[in-house]
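Worksheet: the structure to be examined is printed underneath.
The values are calculated or read from the model by the stated rules, or taken from the named source; none is laboratory data. As the structure is a computational prediction, the values presented were derived from the model and not from experiment. Because the Cβ atoms are built from the backbone with ideal geometry, glycine has one as well, and the counts that use them run over all protein chains shown.
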Amino acid sequence: MAQEVPGDTLGDEFKGYVFRIGGGNDKQGFPMKQGVLSNNRVRHRLGGFLAFRQGSV
């Protein structure tokens, strides 16, 4: 991830372009995150906040 790939490897219509790989999915469809240095899946620690308010659902 975060690698730059010259566009002419994808075809002549992309000659002169540079593409940056910004993310992807593994074979089971789980998203990859840049900055996690592990070959296995890891559980991300989110900062101590909830994604919803308790009484709003």
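See the values below:
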item	result
Top-ranked residue in segment 1-21 [being exposed (fewer than 10 other Cβ atoms within 10 Å of the Cβ) and assigned to a loop (DSSP other than H, G, I, E, B); ranked as modelled with the lowest pLDDT]	ALA2
Near pairs, Cβ below 6 angstrom, 6+ apart or cross-chain, from segment 8-20 (closer than 27 Å to GLN34 by Cα) to any residue that is hydrophobic (A, V, I, L, M, F, W, C)	PHE19/VAL5
Cross-chain or 6+ apart pairs with Cβ under 9 Å, segment 29-57 first and within 22 Å of ALA2 (Cβ to Cβ), then loosely packed, with under 10 Cβ neighbours inside 10 Å and modelled with pLDDT under 70	LYS33/HIS44; VAL36/HIS44
